[in-house]
Amino acid sequence: MTRTLGELAALVGGEASGDAALEVTGVAPLEEAGPSQVSFFSNKKYRAAFEASRAGAVIVEPDAAVPAGRAVLRVANAYLAFARISTLFHPPAAAVPELAPQAVVHRSAVVDPSAQLMPLCSVGPGASVGPRTILHPGVHLGEGVRVGADCVLHANVVVRERCVVGDRVILQPGCVIGADGFGYALDLAGEGRGPRHYKVPQVGHVVIEDDVEIGANSCVDRATLGITRVCRGAKIDNLVQIAHNVVVGPLCILASQVGISGSTKLGMGVVAWGQAGLIGHLTIGDRANIAAQAGLARDLEPGERVAGSPATSDVRWARNAAVYDRLTDMRRELRELKKQVERLEQEKKP
Amino acid sequence: MTRTLGELAALVGGEASGDAALEVTGVAPLEEAGPSQVSFFSNKKYRAAFEASRAGAVIVEPDAAVPAGRAVLRVANAYLAFARISTLFHPPAAAVPELAPQAVVHRSAVVDPSAQLMPLCSVGPGASVGPRTILHPGVHLGEGVRVGADCVLHANVVVRERCVVGDRVILQPGCVIGADGFGYALDLAGEGRGPRHYKVPQVGHVVIEDDVEIGANSCVDRATLGITRVCRGAKIDNLVQIAHNVVVGPLCILASQVGISGSTKLGMGVVAWGQAGLIGHLTIGDRANIAAQAGLARDLEPGERVAGSPATSDVRWARNAAVYDRLTDMRRELRELKKQVERLEQEKKP
Amino acid sequence: MTRTLGELAALVGGEASGDAALEVTGVAPLEEAGPSQVSFFSNKKYRAAFEASRAGAVIVEPDAAVPAGRAVLRVANAYLAFARISTLFHPPAAAVPELAPQAVVHRSAVVDPSAQLMPLCSVGPGASVGPRTILHPGVHLGEGVRVGADCVLHANVVVRERCVVGDRVILQPGCVIGADGFGYALDLAGEGRGPRHYKVPQVGHVVIEDDVEIGANSCVDRATLGITRVCRGAKIDNLVQIAHNVVVGPLCILASQVGISGSTKLGMGVVAWGQAGLIGHLTIGDRANIAAQAGLARDLEPGERVAGSPATSDVRWARNAAVYDRLTDMRRELRELKKQVERLEQEKKP
């Protein structure tokens, strides 16, 4: 497939500075792109690569400084334009209707004939799989699970009993939906055999709404009672922990290794960066932003931005962190000042 | 199944304030419970939901403030009572003896006839599976693995060669028992081909004792030599790392994303909260408590409570954290004080 | 198999203080070793166990203090010597050529006849598996994947489409190679249906070079464009996140739960300890050392050593942390000093 540079510019509402008739065959990184490929430049760290690139054209923001002779495609929200052009050249694989003989589908399950069930996946009793959904090898759907249309469940994804997955959901390999939440009641007597942790039944389930993507080996636990919910359009990275009864609001972004403890509710568009941790039972307002490695133990207002552990305003955190880095100096100054004051006190004595 | 409210109160040794003859059909969250269901209230954050609940009765602590007309079941350790009542209505699924034709059992393996082996699980040479144990799809037991009675190994659990799993153990999906520990010796010569990390054979194994539960995608590595051990009744959440030769004592609680480095020994009932990290070769006393995101690099006495990274007493940590949040102010005060003292020094000069 | 103590000493270039003719049957931990086994001592924490050990001989560093009568094998780099002797007694399992009837190999895939494909693994269209490579149950190789010679892919490993794995690579159970990187462009208009996160196609792949080992449930994401690369001889522990377009240099060591964000490049022999996190687009010099739980947001020079979050020099960090632990005292001193100065000011007034 090829598109002219002019066609690509029209597609994304941008303006091509180079040869509009250039036949473009694909997208490539700045360092690797050839004269028939388009590339993308935004992060200033990569200016040298941008200037040296052999790309046929480079997608840039409207105000980008461009060296003479470099063909560019100028467009507002260049990253989105790049994503759309890349999608044009790399459309997601469509389901090839298939029920592999080595797939195991319970006789009471309902699988849409347009779905693609690859070898070695399994669909439990009463479960259902919607149109054009792809189950890769090693995917296991428990009893009564419902998966909607146009989903991709990559290899070794597990969805436990009764959980619900919407439409256009992507689950990366090894991700686990519906494991038991972590709940025990301390039972000191233990029926006469000494203390034990008595398991609290985790009999709720998980709802993954439409257009959600969840990363490799991430976990969304089922509710103790009721529902753990990941709302429409939320995107979750790898190795993230979502505990029981959490609500991840629409359009949230959770980066890798984030952990959200039980019953915490995230509003719409909340962003949490890598390795941030939230305790349980919090309410996080819409569009709140939680920095990497933050440790959050209080509710957040809409739009609040926090960092650090314990988390505080990100501005305050940055100031404190700068002072912290001079803490040893500060103690030295304090000690010198003490001596000075002592001297002053001595001297005033008759 | 139904039980009267009076029967439930008797079961847990509590006292029902409402109609003892009420027919109870199940448990539900405060917001969703109807007049034939019981619910649970303890966390003050949910008082409004408690007061508005339509539940037939609500399980509460003996000293809970209860609005007029709200039927409750008062009981010491309300959470345990709730767990027991919930278990009554939601007993764990019993094994349905089965050896699915799509399960692969080595001819030298020994599987109890009462066990349930679902499709697409495998049992390696010389491995054994005890009575009433359930292996979900995608569970793989390596050579010589022994799994006891009444266990549930959820989908895609891996237990590598020679590891031992006791009775009544629950392994959530994707959990890995017996991966190689992380051990290499730096070999600068590398047989003449330059430096390399020479793999130290990890030839020990893992013992998971009775009544342990381990969360989704958690990892317990096999010992270099000897045994990595998770002792009876310990409970481990999702995405936790237990390195080689660690001992997790009886009744320990390890929350999600905790990491325990090699050869560290936890005593009985140690609790580590989310994302805490422990370096290797430590000895942690019974009932020690390690806060979320703590970074622990020293031994702990029994009952010691720590927080922060590097971890210190949790009381001290809380005080320091409060001061830290005012660090910028503190520096300003220090600077002003310096100026003041300089002025004093100036003035005293004749 | 047995070897004399003298033979073992010769093998590792060490010197045996005990009976060189002693028949050694294996290696064991200090506490468990019997008179025909050798053990290993280096960490001073275990001196008591060393002194009490019944081992036939103990491998020690040349300068180790040894109690009278304790037979030792003295050798430079005792840990490496131990590793080599342990490998002698525990050679890695060799592949037993096998294509299990329950394995699923696409007709267009190429599997070397010396490879071992255990039951319930799958090899996708156009994929290839090299000589003597072992695929455990539940391993799934996507379309066009290439795996080299002498690799071990443990149970439930996933390698997604087009990724490349070199020779002598070990992938522990549940590890995921080639999941989509985490990239979305905010699309406020969303084709008239409101804001959405538009998925940026992740159409690059992953290259795992020779002699790499990756731990259980770790994730290496495919590049957006181009390649995510783990270079020869790097060793990665469990539950580690390697984001899209990262380069992990040769001989790097990444401990458990480390997270490396997109496009960060690690040089040769970089070491990152447990739970450390690196933001994206960094350049980390050769042999840099990043402490456990560090949060790194800047480039590092070769050999630089950092700790803390935000990360600073590890020496500075240790000093600051010591002061931090006395922060409350420091504030008290500051307040007292203020009062003292105020008194001085008062007194000087006539």
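Averaged over peptide C:127-137, how many Cβ atoms belonging to another chain are found within 10 Å of each residue's Cβ?
Working: counts 0, 0, 0, 0, 0, 0, 0, 0, 0, 6, 14.
Per-residue shielding by partner chains comes out at 2.
Segment A:E347..A:A297, full-extension length gain: 13.0 nm, with 0.36 nm per residue of separation and the alpha-carbon distance subtracted. Determine ³J(HN,Hα), in whole Hz, for all residues of region A:13-30 in sequence, where each value follows from phi through the Karplus function 6.51 cos²θ - 1.76 cosθ + 1.60 and θ = phi - 60°; x replaces Gly and Pro. After applying 6.51 cos²θ - 1.76 cosθ + 1.60, I find x, x, 10, 8, 7, x, 6, 5, 8, 3, 7, 9, 9, x, 10, 7, x, 3 Hz.
Mind scanning A:K45/B:K199; B:K265/C:K265; A:K45/A:K265; B:K199/C:K44 and naming the pairs with a C-alpha gap bigger than 26 Å?
Details: A:K45/B:K199 37 Å; B:K265/C:K265 35 Å; A:K45/A:K265 37 Å; B:K199/C:K44 23 Å.
Correct reply: A:K45/B:K199; B:K265/C:K265; A:K45/A:K265.
If you bin all the Cα-Cα distances of region C:241-299 at 5 Å, starting from zero, the percentages per bin are 6, 23, 35, 32, 4. Summarising the amide proton neighbourhood of A:Y184: residues at separation of 5 or more, or on other chains, whose placed amide H is nearer than 5 Å comprise A:V200.
Selection among B:N320, B:V271, B:P195 by position relative to the dipole of region B:190-333 gives B:P195 as farthest towards the positive end (Cβ unit charges, Cα centre).
Sorted shortest first, the distances from the C:T4 label point to those of the same residue in the other copies are 8.6, 8.6 nm; each point sits 7 Å from Cα along Cα-to-Cβ. Loop-located trypsin sites (Lys or Arg not before Pro) across region C:1-71 with a Cβ neighbour count of 16 or fewer within 10 Å are C:R54, with loop assigned by DSSP.
With a ≥ b ≥ c the root eigenvalues of the C-alpha gyration tensor of the protein assembly as shown, is it rounded (a/c under 1.5), prolate (a/b larger than b/c) or oblate? In terms of gyration-tensor shape, rounded.
Working note: Debye formula, equal point scatterers on the alpha-carbon atoms of region B:3-89, no solvent; log10 I(q)/I(0) at q = 0.15, 0.20, 0.21 Å⁻¹ is -0.42, -0.80, -0.89. Peptides A:207-214, B:340-347 ranked from most to least packed by the mean count of surrounding Cβ atoms within 10 Å: A:207-214, B:340-347. Peptide B:251-260 shows a mean partner chain C-beta count of 6 within 10 Å per residue C-beta.
Run the paramagnetic zone check for B:S36: 7 angstrom along Cα to Cβ, then residues of region B:3-28 with backbone nitrogen under 17 Å. From region B:3-28, the list is B:3-8, B:19-28.
Report the calculated FRET efficiency for A:R316 and A:L186 (r = Cβ-Cβ distance, R0 = 35 Å), to the nearest 0.05.
Taking R0 as 35 Å, the efficiency between A:R316 and A:L186 is 0.40.
What FRET efficiency comes out for the pair A:V66/A:R326, r = Cβ-Cβ distance, R0 = 56 Å, nearest 0.05? Please list the in-between numbers first.
Numbers: r = 41 Å, r/R0 = 0.74.
After rounding to 0.05, the efficiency reads 0.85.
The Cβ shell under 14 Å around B:A321 holds other residues with a net charge of +4, Lys and Arg each +1, Asp and Glu each -1. In terms of the mean number of neighbouring beta-carbon atoms within 10 Å, the peptides A:199-206, C:247-254, C:62-69 order highest first as C:247-254, A:199-206, C:62-69. Of the beta bridges in the protein assembly as shown, as assigned by DSSP with both residues counted there, near 15 percent are antiparallel.
Averaged over the residues of peptide C:272-280, the number of Cβ atoms from other protein chains lying within 10 Å of each residue's Cβ is 5. Taking label points 7 Å from Cα along the Cα-to-Cβ direction, C:R54 and B:V110 give a separation of 2.8 nm.
First check a/c for region A:98-314, with a ≥ b ≥ c the square roots of the eigenvalues of its C-alpha gyration tensor; if it is under 1.5, answer rounded, and if not, answer prolate when a/b is larger than b/c or oblate otherwise. Could the numbers behind the result be given before it?
Values: a/c = 2.41, a/b = 1.35, b/c = 1.79.
Since a/c reaches 1.5 but b/c is at least a/b, the shape of region A:98-314 is classed as oblate.
Read-outs: derived from the displayed coordinates by stated rules, not from any lab. These figures come from a predicted structure and were not determined experimentally. Note: ideal-geometry Cβ built from the backbone for every residue, glycine included; neighbour counts use all protein chains shown.
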